[in-house]
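Below is one structure, written out as structure tokens; the observations come after it.
The values are calculated or read from the model by the stated rules, or taken from the named source; none is laboratory data. Nothing here was measured: the structure is a model prediction, and the numbers come from that model. Backbone-built Cβ (ideal geometry, glycine too); neighbour counts: all protein chains shown.
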Amino acid sequence: MSKKILVLPGDGIGPEIVAEAVKVLDCLRQDHGLDAELAHGLIGGAAYDACGKPLPDETLRTALESDAVLLGAVGGPAYDALDRPLRPERGLLAIRSEMALFGNLRPAILYPQLAEASALKPEVVSGLDIMIVRELTGGLYFGEPRGIRTLDNGERQGYNTLAYTESEIERIGRLAFETARRRDKRLCSVDKANVLEVTELWREIMTRLAGEYPDVELSHMYVDNAAMQLVRAPKQFDVLVTENMFGDILSDCAAMLTGSIGMLPSASLDRNGRGMYEPIHGSAPDIAGQGVANPLATILSVAMMLRHSLGEPALADRVQAAVGAVLDQCLRTADIHTPDTRRVGTVEMGDAVVAALRAA
Ligand code: NAD
């Protein structure tokens, strides 16, 4: 049966990079037998401009009927002064939560052709291929009670709640073990069990789950050490699993090991494998409309979509190989350009990936 993909370009460079990813999807449909229908919708500032809401009902309804959502990015200075509930980022949080996308997969892969782009020494990062599994709908960002209150002595106090139920931990744990099982079979669970009771429970449940996945080697690491190890010796890791806020911070740190924000895709999955796929970067208002943004993170997000939601791992491999091929051809957008390579714009890069796919 034909798969349904909802395309949400969003704001800033979103429409430019998503247009290139759609070319890749169209090529897969025409030449490689992908059976999928595309629908298009609004989110973020573009949706606010059109109908006064960052997540229109129509967008959410179509997303809930789709197998996968491809998102560009949302936000921009024009929307920063809006009331919080109307801001573009609220639309993004709302669609993640309404679609119950609890599991965020963020690979940090350093293409050998881009080893010079990392701020770390090439020998520390070359060949890097790690996956961070971040819990996305629980923890400190969603815990109640939260707010700013005035104490009896008149002083104001800000407070949030870090809470996880056993089932929430088990759900993300299973996704992480399954992910490790498809890779090098090593899973590191990151917590702060020496200080936080909630992560003591996290550690207990991860340890229990390990009994069901005897082929996966489980280790535990405190989050402060994990941050240090990620920049000291990142290749020691295969898959890391952690709670929402720790994962937010560690995954940005891991992303920068690769030196190129324009290269990194992500997947956010629900319990049934339906997902939303987006580059990890934002809407880059500083370069929007100039035709210079790197579309490869969005194209690699299509590869993740093929693998995780559309059941097409062979096509995912082809898209990744096509990206490798254009890097081998020394084509580079401005963010990854070095003097000995050829600088291209967004459209030329997208066209080159499609040409590499056709040639495959
Ligand atoms: P950003 O990721 O948009 O940009 C950071 C820097 O990286 C900029 O210099 C930008 O030009 C560059 N960059 C980003 N993507 C690039 C690409 N594909 N090719 C080349 N260069 C690229 O982060 P920011 O500037 O902090 O935020 C800008 C806006 O994006 C804000 O409104 C923010 O709220 C929003 N944002 C959205 C998301 C999302 O939609 N998931 C994520 C982060 C930030």
Condition check for residue 289: within 16 Å of the ligand (Cβ to nearest atom) and in a loop (DSSP other than H, G, I, E, B): yes
Index of the failed condition, residue 320 passing every other in (1) outside any loop (DSSP other than H, G, I, E, B); (2) crowded, with 24+ Cβ neighbours inside 10 Å: (2)
Pairs where the first residue, in the range 11-40, is without any contact (Cβ under 8 Å) to a residue 12 or more places away in the chain and the second is away from the ligand (no atom under 12 Å from the Cβ), C-beta under 8 Å, 6+ apart: 29/35; 29/36
Positions within the range 302-314 being in a helix (DSSP H, G or I) and under 18 Å from residue 183 (Cα atoms), in sequence order: 303, 304, 305, 306, 307, 308, 313, 314
Tabulated pairs, the range 277-290, first farther than 16 Å from residue 77 by Cβ and at pLDDT below 95, second more than 6 Å from the ligand (Cβ to nearest atom) and part of a loop (DSSP other than H, G, I, E, B), C-beta under 7 angstrom, 6+ apart or interchain: 280/264
Pairs, first in contact (Cβ under 8 Å) with a residue 40 or more places away in the chain and surrounded by 10 or more Cβ atoms within 10 Å (Cβ to Cβ) in the range 136-161, second acidic (Asp, Glu) and assigned to a helix (DSSP H, G or I), C-beta under 7 Å, six or more apart: 138/168
